[in-house]
1. Please give the peptides 118-131, 29-42, 85-98 ranked by average Cβ packing (other Cβ atoms within 10 Å per residue), highest first, as a rough proxy for protection.
2. Could you tell me whether segment 39-137 comes out rounded, prolate or oblate from its Cα gyration tensor? Rule is a ≥ b ≥ c as square roots of the eigenvalues, rounded for a/c under 1.5, then prolate if a/b exceeds b/c, otherwise oblate.
3. Taking LYS51 as the anchor, which aspartates and glutamates have their alpha carbon closer than 13 Å to its alpha carbon, excluding any fewer than eight residues away along the same chain?
Amino acid sequence: MQYSQNRAAQYRSVRSHGLVADASPTRLVQIVYEQILSELAAAQGRMERIKNHLPLHEVIAKCAAMRKAIRLVGHLDATLNLEQGGEIAVNLRNLYVYMMERLTDANAHNDTAIVAEVVQLIRKIKSGWDQIVTDSR
């Protein structure tokens, strides 16, 4: 079982590297949004399993997924250019800070509703990036 999990992880790593190596800057942002959504889905699933009983491995995995999602949102925030981006960049910064705060609360309180709120926000922003990537092709 462990062997197959390691092979799956290796495949995901190689696939991810291939996606990133040839990606345009707009596609890279799109990939980050996709990864955030993936991590939040994993965290939500683990939160649901934790609710009725507290298996330590689920708590650890949930925290890891939440930390990664928060770190990725933080990365998006750090890459904003407020001078060039103007009001849009400022609004994104405010939204990213809000999402990081909400995800921290969700992690601390095991609150899937908060995660769902942030997922909706990410999907909305990501749909704009999806359109930019489509239009640039």
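A short reminder: the numbers here are calculations on the coordinates, not readings from a lab. Because the structure is a prediction, the values reported are computed rather than measured. Virtual Cβ from ideal backbone geometry, glycine too; neighbours counted across all protein chains shown.
1. Numbers: 118-131: 15.2, 29-42: 18.4, 85-98: 13.5.
In descending order of packing, they fall as 29-42, 118-131, 85-98.
2. Judged from the Cα gyration tensor, segment 39-137 comes out prolate (a/c at least 1.5, a/b above b/c).
3. Reachable aspartates and glutamates: ASP111.
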